[in-house]
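Chemist: Pasting a structure here, questions to come.
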Amino acid sequence: IQNVDYLTCEDALKKELETKNNIEIIYNGKVTKYLGEDNIEGLVINDERKINVSGIFLSIGQDADSEFIKDIINLDERNYILTNENFETNETGIFAAGDCVHKNIRQLTTAMNDGTIAALSAIQYLKGITVIESLT
């Protein structure tokens with residue numbers, strides 16, 4: 001169920017999904033009701049269409065919420081933060097990590113990995129600055 005009139009996933013995944021006979025893509029859909037008491041039994045889409053299901057995976061939003069920093073560091077066309085392999089931005093001393101960073105895969109495990117690399121990179125950066133230099 002896609003809430004807009006196109007798929008927002010990667011092109012390769014889109015092409016693969018479109019070839020599957022056992023997958024129906026519902027565009028401009030909004031789940032308006034969950035059916036079932038103790039377990040999920042179905043959904044109502046756009047207040048009119050009922051679909052029987054036994055499970056749900058939610059994924060809402062693939063654009064980064066980085067508006068607050070757009071005038072400070074470089075972002076891509078979807079507002080993901082551009083970094084190098086050490087998660088340094090174009091501004092010296094500013095690091096970014098996780099799902100707000102421009103990359104191909106956004107998962108909890110990759111975000112944790114990014115955070116580790118960014119933190120270690122920031123520590124190395126800070127080791128090169130003395131207290132006196134940082135005050136000037």
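Chemist: Looking for something surrounded by fewer than 13 Cβ atoms within 10 Å (Cβ to Cβ), within 30 Å of residue 95 (Cβ to Cβ) and in contact with a His (Cβ under 6 Å, 6 or more places away or on another chain) - is there at least one such residue anywhere in the stretch 47-65?
Modeler: Within the stretch 47-65, not a single residue is surrounded by fewer than 13 Cβ atoms within 10 Å (Cβ to Cβ), within 30 Å of residue 95 (Cβ to Cβ) and in contact with a His (Cβ under 6 Å, 6 or more places away or on another chain).
Chemist: Within the set of pairs 6 or more residues apart or between chains, which connect a residue that is assigned to a helix (DSSP H, G or I) inside the stretch 1-27 to a residue that is of a type outside the set (Ser, Thr, Tyr) with Cβ atoms less than 9 Å apart?
Modeler: Close Cβ pairs satisfying both conditions: 13/7; 14/7; 17/7; 17/9; 17/23; 17/25; 18/7; 18/25.
Chemist: Also, quick follow-up: Answer with yes or no whether residue 105 is part of a loop (DSSP other than H, G, I, E, B), surrounded by fewer than 16 Cβ atoms within 10 Å (Cβ to Cβ) and modelled with pLDDT under 95. Give the derivation first.
Modeler: Details: part of a loop (DSSP other than H, G, I, E, B): yes; surrounded by fewer than 16 Cβ atoms within 10 Å (Cβ to Cβ): yes; modelled with pLDDT under 95: yes.
Here the answer is yes, as residue 105 does meet what is asked.
Chemist: Moving on. Out of the stretch 87-102, which residues are open to solvent by 30 Å² or more (accessible area, probe 1.4 Å) and in a loop (DSSP other than H, G, I, E, B)?
Modeler: Of the residues in the stretch 87-102, the ones open to solvent by 30 Å² or more (accessible area, probe 1.4 Å) are 88, 90-95, 97, 99-100, 102.
Hits for the stretch 87-102 are 90, 91, 92, 93, 94, 97, 99, 100, 102.
Chemist: Report yes if some residue within the stretch 115-126 is within 26 Å of residue 12 (Cα to Cα), surrounded by 14 or more Cβ atoms within 10 Å (Cβ to Cβ) and within 15 Å of the chain's Cα centre (by Cα); otherwise report no. Steps first, answer last, please.
Modeler: Filtering the stretch 115-126 down to residues within 26 Å of residue 12 (Cα to Cα) leaves none.
Checked against the condition, which is being within 26 Å of residue 12 (Cα to Cα), surrounded by 14 or more Cβ atoms within 10 Å (Cβ to Cβ) and within 15 Å of the chain's Cα centre (by Cα), the stretch 115-126 yields no hits at all.
Chemist: Go through the stretch 33-72 and give me each residue that's assigned to a strand (DSSP E or B) and closer than 23 Å to residue 9 by Cβ. Let's see the steps before the verdict.
Modeler: Step one: of the stretch 33-72, the residues assigned to a strand (DSSP E or B) are 33-35, 42-45, 49-52.
Of everything in the stretch 33-72, those that are assigned to a strand (DSSP E or B) and closer than 23 Å to residue 9 by Cβ turn out to be 43, 45, 49, 51.
Chemist: Could you grab me the full set of residues in the stretch 1-46 that are hydrophobic (A, V, I, L, M, F, W, C) and either open to solvent by 70 Å² or more (accessible area, probe 1.4 Å) or over 27 Å from residue 78 (Cβ atoms) (or both)? Write out each step before concluding.
Modeler: Step one: filter the stretch 1-46 for residues hydrophobic (A, V, I, L, M, F, W, C), giving 1, 4, 7, 9, 12-13, 17, 23, 25-26, 31, 35, 40, 43-45.
Correct list: 1, 12, 13, 23, 35, 40, 43, 44.
Chemist: Here's something else I'd like to know. Whether any residue in the stretch 72-86 is in contact with a His (Cβ under 7 Å, 6 or more places away or on another chain), surrounded by 10 or more Cβ atoms within 10 Å (Cβ to Cβ), among the hydrophobic types (A, V, I, L, M, F, W, C) and under 30 Å from residue 121 (Cβ atoms) is what I want to check.
Modeler: yes
The values are calculated or read from the model by the stated rules, or taken from the named source; none is laboratory data. The structure displayed is predicted, hence computed values, not measured ones. Ideal geometry is used to build each Cβ from the backbone, glycine not excepted, and the neighbour counts take in all protein chains shown. All accessible areas refer to the heavy atoms of the entire protein, side chains included, with ligands and DNA or RNA removed. Shrake-Rupley method; radii C 1.70, N 1.55, O 1.52, S 1.80 Å.
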